[in-house]
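The structure under discussion appears below in the form of structure tokens.
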There are 2 protein chains.
Amino acid sequence: MELSKRVASFASAVSAMTYKRIEELASGRPAELYEASMHLIRAGGKRLRPLLVALSSKMYGLPLEVSSWAAASVELLHNFTLVHDDIIDRDELRRGVPTVHKVWGEGLAIVAGDLLFAKSYEALLRLLDYGVSYERVASAIRELTWAAITVAEGQAMDILFVSLERVSVEDYIEMVRRKTAALFKSSILIGSIIAGAPEEDLARLSEFATSIGIAFQIRDDELGLMADESVLGKPRYSDLREGKKTLLVLYALERADEVRRRKILNSLGRPGATRAELEDVAKTIVELGALEYSNKLAEEFVRRGAEALDSTNPRDAESREMLKELALYVTRRSY
Amino acid sequence: MELSKRVASFASAVSAMTYKRIEELASGRPAELYEASMHLIRAGGKRLRPLLVALSSKMYGLPLEVSSWAAASVELLHNFTLVHDDIIDRDELRRGVPTVHKVWGEGLAIVAGDLLFAKSYEALLRLLDYGVSYERVASAIRELTWAAITVAEGQAMDILFVSLERVSVEDYIEMVRRKTAALFKSSILIGSIIAGAPEEDLARLSEFATSIGIAFQIRDDELGLMADESVLGKPRYSDLREGKKTLLVLYALERADEVRRRKILNSLGRPGATRAELEDVAKTIVELGALEYSNKLAEEFVRRGAEALDSTNPRDAESREMLKELALYVTRRSY
């Protein structure tokens with residue numbers, strides 16, 4: 001699925017402005033640290049979370065000139081988690097470039113992630129210079145902090161799941177709700193809070209963003225199993241190799257007969273598993289109908305999210321339509 | 001040097017209250033993550049930064065009941081940096097217990113550090129429930145963020161220094177100003193800002209805290225070379241083994257003849273260096289007069305800091321006297 005011209009053009013403006021804001025924050029010494037911190041951000045990314053911030057701000061009348069600082073904040077926080085995730089998962093490639101610890105070593109990569117985390121707060125504080133009230137900035141900081149805590153919890157669950165014998169679909173959804181959807185939710189809330197959205201809309205926006213955040217992660221798992229590596233920017237099957245309990249794997253393990261179950265478990269999380277073995281496991285997972293199942297579940301989350309969004313009362317209805325289009329995109333995107 | 005009864009008794013109240021606040025923030029799932037995060041905090045520590053917060057708040061009339069949230073915040077931030085430092089330096093022992101990554105593995109330790117970082121903001125936000133204004137809390141958040149950024153820069157310098165041929169004393173002071181003194185400074189500023197200290201006192205308090213922060217780190221380097229391991233809570237000479245360019249090492253390298261220079265450089269940062277070799281290097285460093293030099297420099301920083309403190313206008317002069325005593329303590333402490 002491609003985005004409409006209207007959304008694509010706004011997304012591109014948000015991406016450029018977010019990058020500009022981040023660049024404004026990213027100078028300091030030692031140079032190596034700042035280079036390491038900016039490495040993944042410069043390599044690209046969809047800038048989806050900044051877009052959620054900018055659209056929800058626009059819904060309630062706050063222009064990108066101001067909301068771009070909040071957009072920069074959530075993108076910084078997101079990239080902080082990626083830098084640390086890559087160390088934890090020992091991933092060597094992301095966005096088509098070597099990961100931060102591969103280039104600068106693990107020690108500096110840990111600190112580079114920490115710096116991005118701190119910078120995400122600096123970005124929010126800049127809102128004070130643009131006339132956003134202390135009270136609203138404090139609320140935005142509360143949301144960012146909640147996201148950082150919740151993402152850490154989700155990340156810990158993801159790590160712990162690898163060595164768990166049995167993980168249920170409910171456990172997986174709970175993990176994804178924290179690891180991925182929490183920052184989607186905070187992005188929407190930060191954008192709307194700094195724009196002065198009415199209190200009663202916040203819960204609806206939360207529901208919307210959480211739902212599409214979960215759908216986004218389900219789609220991410222799918223793409224990790226079937227997308228071209230040129231599009232993925234990293235090796236296919238890395239989730240399988242790392243033993244990640246994705247929705248697809250959980251579903252397949254539940255449906256498989258003993259022979260197939262053994263085959264999957266035999267390769268899952270084994271560093272020495274060959275490419276051919278992993279390909280075979282992926283084929284088995286697909287044959288068991290995991291993709292149909294996960295697609296249906298993702299679509300259901302999107303439907304639920306869209307419903308919540310419909311009940312909001314925005315000042316600018318066009319932004320809401322754009323958010324709805326984005327919701328459809330997260331489950332249908334091919335990268 | 002022992003602290004006077006007056007300071008020791010206040011310090012103990014601050015320590016207990018800070019710990020209580022942190023415990024209030026430290027429940028969540030998964031349990032392993034929260035256990036890992038709390039591990040070092042439960043193992044103890046001097047709680048010096050909380051004491052700086054509490055005393056500077058008290059100087060301007062804010063009671064511990066309120067300032068303890070800010071005290072918890074800086075202690076959380078401090079422990080976050082320790083958890084990550086230990087991974088980076090591959091240290092296995094701290095405060096007499098195994099480090100977080102030794103117990104829970106590196107992945108969970110990285111995330112446990114990240115969680116503490118996020119929790120340090122949550123602690124500051126609690127001040128809003130105790131009647132501290134949005135504006136003051138925002139200023140405190142700005143200080144905490146500045147410290148986090150600056151500590152990351154200092155930590156990166158520390159990492160990069162290991163592989164640098166030549167590091168000057170000025171470089172070292174600059175590194176320590178960031179890595180250690182920045183959080184001393186922010187602790188004092190956060191404490192005084194939330195208590196409503198007059199603007200003109202803030203620069204003086206900054207000067208005071210920065211100076212004693214540098215002196216504290218110089219003393220820390222000294223203790224790493226000569227203190228009992230039971231007191232250190234970690235192996236002696238770990239700085240030497242990790243190739244750290246401490247003030248003592250820099251001074252010794254500058255003063256040594258070629259033979260001694262070779263001897264020091266030959267063991268510094270060599271993982272295989274024997275205990276006897278490191279003992280010999282330490283002896284050489286001491287013989288070259290490094291301790292007298294570093295002691296003098298630390299005392300000079302304390303003198304300068306105390307002078308700045310004298311020019312403040314506190315509501316409660318007793319707290320200022322207690323801060324001055326603390327300043328003397330940082331260079332004379334034996335652990």
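If residue B:159 meets every condition in (1) in contact (Cβ under 8 Å) with a residue 24 or more places away in the chain; (2) within 16 Å of the chain's Cα centre (by Cα); (3) over 25 Å from residue B:311 (Cβ atoms) apart from one, which number is that one?
Answer for residue B:159: the failing condition is (2).
So in the stretch B:288-308, with the set limited to residues that are part of a helix (DSSP H, G or I) and free of Cβ contacts under 8 Å to residues at least 40 places away in the same chain, which one is farthest from residue B:198 (Cα to Cα)?
By that ranking, first place goes to B:292.
Within the stretch A:187-205, track down each residue that is surrounded by fewer than 21 Cβ atoms within 10 Å (Cβ to Cβ) and within 15 Å of the chain's Cα centre (by Cα).
Selection gives nothing.
Quick check on residue B:119: is it in contact (Cβ under 8 Å) with a residue 12 or more places away in the chain and facing chain A (nearest Cβ under 8 Å)?
Answer is yes for this residue.
Assess whether residue B:183 counts as being part of a helix (DSSP H, G or I), farther than 25 Å from residue A:27 by Cβ and within 14 Å of another protein chain (Cβ to nearest Cβ).
Taking the combined requirement at face value, the residue does not satisfy it.
From the list B:42, B:95, which residue is closer than 20 Å to residue B:216 by Cα and under 21 Å from the mean Cα position of the chain (by Cα)?
B:95
Can you tell me which residue is farthest from the other protein chains (Cβ to nearest Cβ) among those in the stretch B:130-141 that are of a type in the set (A, V, I, L, M, F, W, C) and assigned to a helix (DSSP H, G or I)?
As a first pass, look at the stretch B:130-141 and keep what is of a type in the set (A, V, I, L, M, F, W, C): B:132, B:137-138, B:140-141.
In the following step, the residues that additionally are assigned to a helix (DSSP H, G or I) were identified as B:137-138, B:140-141.
Details: B:137: 6, B:138: 5, B:140: 11, B:141: 6 Å.
Among residues in the stretch B:130-141 that are of a type in the set (A, V, I, L, M, F, W, C) and assigned to a helix (DSSP H, G or I), the one farthest from the other protein chains (Cβ to nearest Cβ) is B:140.
With the requirement that a residue be over 20 Å from the mean Cα position of the chain (by Cα), in a helix (DSSP H, G or I) and surrounded by 18 or more Cβ atoms within 10 Å (Cβ to Cβ), what does the stretch B:309-335 give you?
Result: B:319, B:320.
Mind listing whichever residues of the stretch A:191-228 are at pLDDT below 95 and either touching a Gly at 6+ places or on another chain (Cβ under 9 Å) or aromatic (Phe, Trp, Tyr) (or both)?
Within the stretch A:191-228, none qualify.
So which of A:202, A:144, A:164, A:127 is within 23 Å of residue B:149 (Cβ to Cβ) and more than 9 Å from chain B (Cβ to nearest Cβ)?
Result of the check over A:202, A:144, A:164, A:127: A:127.
Let me spell it out: the conditions are (1) crowded, with 18+ Cβ neighbours inside 10 Å; (2) within 9 Å of chain B (Cβ to nearest Cβ), and residue A:210 meets all of them except one. Which number is the exception?
(2) is the only condition that residue A:210 fails.
Can you find a residue in the stretch A:158-168 that is over 22 Å from residue A:302 (Cα atoms), of a type in the set (D, E, K, R), part of a helix (DSSP H, G or I) and touching a Ser or Thr at 6+ places or on another chain (Cβ under 7 Å)?
no
Specify the residue that is surrounded by the most Cβ atoms within 10 Å (Cβ to Cβ); the eligible residues are those in the stretch A:84-93 that are part of a helix (DSSP H, G or I) and at the interface with chain B (Cβ under 10 Å from one of its Cβ atoms).
The selected residue is A:84.
Of all the residues that make up the stretch A:29-82, how many are within 23 Å of residue A:3 (Cβ to Cβ), of a type outside the set (D, E, K, R), part of a helix (DSSP H, G or I) and out of contact with any strand residue (DSSP E or B) (no Cβ under 8 Å at 6 or more places or on another chain)?
20
So residue A:86 fits all but one of (1) modelled with pLDDT under 95; (2) touching a strand residue (DSSP E or B) at 6+ places or on another chain (Cβ under 8 Å); what number is the exception?
So the condition that residue A:86 fails would be (1).
Restricting to the stretch B:36-60, name every residue that is free of Cβ contacts under 8 Å to residues at least 24 places away in the same chain and within 19 Å of residue B:121 (Cα to Cα).
Answer for the stretch B:36-60, where residues must be free of Cβ contacts under 8 Å to residues at least 24 places away in the same chain and within 19 Å of residue B:121 (Cα to Cα): just B:38.
So, in the stretch B:1-32, exactly how many residues are of a type in the set (Asp, Glu) and under 22 Å from the mean Cα position of the chain (by Cα)? Working first, answer last.
In the first step, residues of the stretch B:1-32 are kept if they are of a type in the set (Asp, Glu); the result is B:2, B:23-24, B:32.
Applying the additional criterion that residues be under 22 Å from the mean Cα position of the chain (by Cα) yields B:2, B:23.
Residues flagged as of a type in the set (Asp, Glu) and under 22 Å from the mean Cα position of the chain (by Cα) within the stretch B:1-32 amount to 2.
Hey, does the stretch A:94-101 have a residue that's surrounded by 24 or more Cβ atoms within 10 Å (Cβ to Cβ), at the interface with chain B (Cβ under 9 Å from one of its Cβ atoms) and not acidic (Asp, Glu)?
no
Are any residues in the stretch B:229-286 polar (S, T, N, Q) and either surrounded by fewer than 20 Cβ atoms within 10 Å (Cβ to Cβ) or over 16 Å from residue B:219 (Cβ atoms) (or both), and if so, which ones?
B:230, B:238, B:266, B:267, B:274, B:284
The values are calculated or read from the model by the stated rules, or taken from the named source; none is laboratory data. Quick caveat: nothing in here was measured; it's all calculated off a predicted structure. Ideal geometry is used to build each Cβ from the backbone, glycine not excepted, and the neighbour counts take in all protein chains shown.
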